[in-house]
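Input: a single structure, listed below in structure tokens.
Read-outs: derived from the displayed coordinates by stated rules, not from any lab. Note that the structure is a prediction, hence the values are computed from the model and not measured. No Cβ is skipped: glycine too gets one built from the backbone with ideal geometry, and neighbour counts run over all protein chains shown.
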Amino acid sequence: MADDMIRNAIRWTKALRSLPKTIWFNFHYLPFKQAIKLPILLYKPKLLRCKGTITLKGKIEFGMVHLGFYIVPNYPNSGIVWNVRGDVVFDTYCIIGNDSVIDVGKSGCLTFGDNFVTSAAVKINCYKGITFGHHTGLSWGCSFLDTDFHQVKIDNPDGSVTTSKGYAPIAIGNYNWIAANTTVMKATKTPDYCIVGANSTLLKDYSHLPQKCFIVGNPAVLKKENIYVELQDDEMNYDD
């Protein structure tokens, strides 16, 4: 208990260094009655673009959104990169850890469900639409891209040329757990209570699969049913 209190005190002391940017960020994006409560806390932010909008849902409280705080030592204590021209929605509580990037294009809408948590090094490139369900968690090193950033052209036998759309929304279900170093590509959808195994690649609609399923692989496929993670009851006991 004492060690936890010391670590928390050190963390918040360091967070004071980012207080000027935290204050500016809240008042830049939020109505005065919300901003005065400092609901969004930043740690070592790199604010490349601060355009678009931020919408907070639920009861507005101090520190309901944490961005960039040092959580996992596997990655640099480098805070968070914010490069936003579109819309970002936080449905109450959200934690995004160190060495992460939030990149939203001017036509993009990025939505975090209630109690969204990611430990570190998440890279989100949202140029159309990415939605994370409620009570969903990500391990470190995950990437989400709803665009290819390029179009593919196909020469057809009749001499015509077909051009790919190159983008499609991503929808992650409620109570999902996505393990380390997973890449999620455009058009991906997952059911509720889905576990995604480490180092997987998701690139299609999996929402037809049953809830409480385990998918894994490159590309990911169904491996097991009737299995799920509860982040609220997930403490490991290494003394067994």
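Key figures
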item: Violating pairs (Cα-Cα greater than 31 angstrom) within the set Lys123/Lys224; Lys106/Lys212; Lys51/Lys189; Lys33/Lys106; result: Lys106/Lys212
item: Proxy reagent accessibility, fewest Cβ within 10 Å first, across Phe132, Phe62, Phe25; result: Phe62, Phe25, Phe132
item: With Cα atoms, 0 to 90° folded angle of helix 19-29 axis to the chain main axis; result: 50
item: Between 0 and 90°, nearest 10: helix 2-15 axis offset from the chain longest Cα axis; result: 80
item: Potential lengthening between Ser78 and His208 on full extension [0.36 nm per residue; Cα-Cα distance subtracted]; result: 43.0 nm
item: Rel. contact order, % - alpha carbon contacts under 8 angstrom, at least six apart, segment 2-233; result: 10
item: For segment 157-195 and segment 22-83, distance of Cα centres in Å; result: 27
item: Trp24 versus Ala187: modelled label distance in nm, points set 7 Å from Cα along the beta carbon direction; result: 4.2
item: Over 33 Å [Cα-Cα, the chain], rounded percent; result: 21
item: Segment 1-140 - percent relative contact order, Cα under 8 Å, separation 6 or more; result: 17
item: Theoretical gain in end-to-end length, Lys46 to Val161 [0.36 nm per residue, Cα-Cα removed]; result: 37.2 nm
item: Net charge over other residues, Cβ less than 13 angstrom from the Cβ of Phe132 (K, R count +1; D, E count -1); result: -3
item: Distance (nanometres) between label positions extended 7 Å along Cα→Cβ at Ala198 and Phe32; result: 5.1
item: Sequence-distant aspartates and glutamates (8 or more away, or on other chains) whose Cα lies within less than 19 Å of Lys57; result: Asp87, Asp91, Asp114
item: Dipole in debye (nearest 20) - the chain, about Cα centre, beta carbon charges: Lys, Arg +1; Asp, Glu -1; result: 1160
item: Share, in percent, of DSSP beta bridges within the chain that are antiparallel, nearest 5; result: 15
item: Two-site FRET efficiency, Asn237 against Phe62, from Cβ-Cβ distance with R₀ of 35 Å, rounded to 0.05; result: 0.60
item: Cβ-defined net charge surrounding Cys50, 15 Å radius [Lys, Arg +1; Asp, Glu -1]; result: +4
item: Normalised contact order of segment 91-223, rounded percent, pairs of Cα under 8 Å and 6 or more residues apart; result: 17
